[in-house]
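The values are calculated or read from the model by the stated rules, or taken from the named source; none is laboratory data. This is a predicted model, so every value here is computed, not measured. No Cβ is skipped: glycine too gets one built from the backbone with ideal geometry, and neighbour counts run over all protein chains shown. The accessibility values were calculated without ligands, DNA or RNA, using every heavy atom of the protein model including side chains. Shrake-Rupley method; radii C 1.70, N 1.55, O 1.52, S 1.80 Å.
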Amino acid sequence: MIRADRAEPYYPGNDECLVSFLIPYEEFVARFRAAHRQMDERDQEPGPCEYWAFRFPCGLSVFLVYHPTRPPAPGCYVYANRPEIDHLLHHIPIADRVEWRLDRAHPEVFRERHGDGHPTTCPSDATTERGDDGLAVPGASNLHGTVRTSLGKAELAAAFAARGWSTRKCTWVDFELRCDVAELVLEGDEPFLLHGPVADILVNAPRIADVLRAVGATFSLECYAPDRRTLLTTIEG
């Protein structure tokens, strides 16, 4: 059983497949349950497809595109919001069926696009880090938000950097935002998605909201308890 939230199926902005694997449809459904979306007129595919998408508590989002008539055998292409292939395989049960992965098929291309040093397992499984104020950053996301703004993602990330956050691209188009009490991911398209673990969330989520207000963004930030199911508060602006 996959421990993740169902997400809206979408291709990442760079449309870059990270992994593909061969698996019969019946076995695929047994592992991932019923499709989240069927192919329709919006899709331009070489054949019939079904779609699954998951968002894990650590912030990793994966998009699975199953092709039942793909030669040489039925199989699936996997996309993600981060180029962390081993991390991805840590979460979804397909390691025994992998036929191709970008980092091994084209290592130089992968390194040029994404660099080195990607996690080989889920960072949330490790001991949580502590900020300078002694508060622990949780091992899983407890803040989930949407942001609407006239700024691009790079400009919004720069606004956080101006407040002392460290920022870097985690895909071609998405950003990781870090400070001593939070590790956020800024991704998606209108509205942007902003999510990740935040220490002492009722104290520190308003600091995040202050950055968004300062650039005139419209936003909604949902703050969750450690069980990741109990909504503590929603901050809007």
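The portion of the accessible surface of the chain made up by carbon and sulfur, rounded to a whole percent, is 50 (1.4 Å probe; DNA, RNA and ligands excluded).
Using θ = phi - 60° in the Karplus curve 6.51 cos²θ - 1.76 cosθ + 1.60, the 3J(HN,Hα) couplings for region 65-73 round to 10, 9, 10, x, 10, 5, x, x, 7 Hz; x is entered for Gly and Pro. Our summary of shape: the Cα atoms of the chain have principal axis extents of 54, 38, 37 Å, ordered from largest down, in whole angstrom. Scoring 202-215, 2-15 by mean Cβ neighbours within 10 Å over their residues and listing the highest first yields 202-215, 2-15.
State, to one decimal in nm², a quarter of the convex hull surface area for the C-alpha atoms of region 98-237, i.e. the direction-averaged projected area.
On the way: hull surface 38.9 nm².
So the Cα hull casts an average projection of 9.7 nm².
Annotation: per residue accessible area for the chain equals 50 Å², rounded to a whole number [probe 1.4 Å, protein chains only].
Can you tell me the length gained on complete extension of the stretch residue 236 to residue 207, counting 0.36 nm per residue apart and subtracting the Cα distance? Please report the intermediate quantities before stating the final value.
Working: separation 29, 0.36 × 29 = 10.44 nm, distance 1.26 nm.
Length difference between fully extended and current span is 9.2 nm.
Only DSSP H runs of four or more residues enter the estimate; each adds -39500 (n - 2.57), and after division by the residues of the chain the mean residue ellipticity at 222 nm equals -6000 deg cm²/dmol.
For a paramagnetic label modelled at 7 Å from the Cα of residue 136 toward its Cβ, which residues of region 201-231 fall within the zone defined by backbone nitrogen distances under 14 Å? So the set is 201, 226-227.
Projecting the Cα atoms of 87, 73, 49 onto the dipole axis of the chain, where Lys and Arg carry +1 and Asp and Glu carry -1 at the beta carbon, places 87 farthest toward the positive end. In this simple spin-label model, placing a label point 7 Å from the Cα along the Cα-to-Cβ direction at both residue 31 and residue 113 gives a separation of 2.2 nm.
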